[in-house]
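The block underneath contains the structure these notes are about, expressed in structure tokens.
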Amino acid sequence: MPNRTKLIAGNWKMNNDVAAAAKLADELAEALPEVPEGVEVLVCPPTIDITTVHARMQAAPIALGAQNVYWEAKGAYTGESSCDMLKSAGCTYCIIGHSERRGYFHETDEDMNKKAKALVAAGIVPVFCCGEPEEVREAGTYVDFVCNQVKAGLEGLEIKCPKQLVVAYEPIWAIGTGKTATAEDAQEVCGAIRETLKEMFGEELADGIRVLYGGSAKPGNIAELVAKPDVDGALVGGASLKAADFASMVVKAGE
Ligand code: 13P
């Protein structure tokens with residue numbers, strides 16, 4: 001099995017004003033003066049907090065990402081941020097395709113595809129999210145559903161190195177519900193995603209691309225999740241808002 005660096009990524013979603021973000025960033029920098037070998041740490045604050053968090057965490061071994069981006073370079077797109085703007089604020093990663101953006105903001109596979117291409121061209125790593133709703137899980141067609149999201153969202157993406165892309169499998173029924181998928185459930189779909197990535201990008205690249213699990217990941221279940229061969233870390237919502245919980249997940253991922 002290739003030796004992929006585990007990634008523990010925090011998605012703060014729409015939480016923390018500037019003062020609260022500064023406080024959490026300070027707490028994280030203090031809790032994680034170093035990270036275990038073989039683990040990388042990422043936090044993705046709301047856009048308004050990014051420059052503050054960047055300034056507070058400059059000395060910490062924690063990467064910074066955004067939760068959204070627009071694919072055009074600049075111009076009359078009220079409310080949006082471009083790849084270069086994110087880069088200038090210190091972001092090296094950006095979440096795209098989160099089910100909350102697909103659901104509440106009607107983002108489509110085509111939107112994801114444009115965002116993924118713009119990010120890669122700008123040298124920012126997309127954290128591409130995919131995942132099925134509960135009814136698809138119950139119908140038993142979730143593997144095809146998720147792999148089709150991956151194919152549509154990442155079609156034609158040109159990457160030369162596996163570190164240029166991260167995929168996060170987040171079953172919608174497990175997000176914020178406390179209902180975690182079992183490690184076996186996560187492995188089943190993350191493994192299928194890797195097979196799809198092999199078809200799309202070739203075996204060598206796909207073997208090195210990190211595939212994360214997200215959905216009620218917490219200190220109590222991170223170890224069994226990352227013990228699975230195709231689960232290379234987690235995209236963490238709720239538990240990333242508490243420095244002690246998030247830091248403990250980072251440590252456990254490295255054990
Ligand atoms: P929770 O960890 O709060 O379930 O959120 C998962 C998620 O959506 C991360 O992007």
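Scanning region 38-55 for residues that are aliphatic (A, V, I, L, M), assigned to a helix (DSSP H, G or I) and within 20 Å of ALA239 (Cα to Cα) yields ILE50, VAL53. The set of residues in region 56-87 being part of a strand (DSSP E or B), touching a Lys or Arg at 6+ places or on another chain (Cβ under 8 Å) and either farther than 16 Å from ALA121 by Cα or of a type in the set (S, T, N, Q) (or both) consists of SER82 alone. If you filter region 88-131 down to residues that are in contact with a Ser or Thr (Cβ under 9 Å, 6 or more places away or on another chain) and among the aliphatic types (A, V, I, L, M), you find that the one that is nearest to the ligand (Cβ to nearest atom) is VAL125. Just a yes or no: is a residue in region 125-137 of a type outside the set (A, V, I, L, M, F, W, C), buried (at least 16 other Cβ atoms within 10 Å of the Cβ), in a helix (DSSP H, G or I) and in contact (Cβ under 8 Å) with a residue 24 or more places away in the chain? Yes, the conditions are met somewhere in region 125-137. Taking residues in region 157-170 that are among the aromatic types (Phe, Trp, Tyr), and partners anywhere that are part of a loop (DSSP other than H, G, I, E, B), the pairs with Cβ atoms closer than 9 Å and at least 6 places apart or on different chains are TYR169/GLY131; TYR169/ALA181; TYR169/GLY215; TYR169/VAL231. The single residue among LYS228, LYS252, LYS242 that is without any contact (Cβ under 8 Å) to a residue 12 or more places away in the chain, more than 10 Å from the ligand (Cβ to nearest atom) and over 16 Å from the mean Cα position of the chain (by Cα) turns out to be LYS242.
Residues in region 15-27 that are among the aliphatic types (A, V, I, L, M) and under 11 Å from LEU241 (Cα atoms) were compared, and the one that is nearest to the ligand (Cβ to nearest atom) is LEU24.
For region 30-37, indicate whether the set of residues that are without any contact (Cβ under 8 Å) to a residue 24 or more places away in the chain, outside any loop (DSSP other than H, G, I, E, B) and more than 16 Å from the ligand (Cβ to nearest atom) is non-empty. The answer is no, given that none of the residues of region 30-37 is without any contact (Cβ under 8 Å) to a residue 24 or more places away in the chain, outside any loop (DSSP other than H, G, I, E, B) and more than 16 Å from the ligand (Cβ to nearest atom).
To keep it simple, each residue is scored yes or no on (1) closer than 30 Å to LYS23 by Cα; (2) surrounded by 20 or more Cβ atoms within 10 Å (Cβ to Cβ).
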| position | (1), (2) |
| --- | --- |
| GLU199 | no, no |
| GLU203 | no, no |
| VAL236 | yes, yes |
| ALA244 | yes, no |
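Checked against (1) under 23 Å from VAL43 (Cα atoms); (2) part of a loop (DSSP other than H, G, I, E, B); (3) of a type in the set (D, E, K, R), LYS115 passes all but a single condition, namely (2).
Readers should treat all values here as calculations from the given coordinates under stated rules, not as data from a laboratory. Here the structure is a predicted model, which means the values were calculated and not measured. For neighbour counting, all protein chains shown are included, and Cβ atoms are generated from backbone atoms with ideal geometry for every residue, glycine included.
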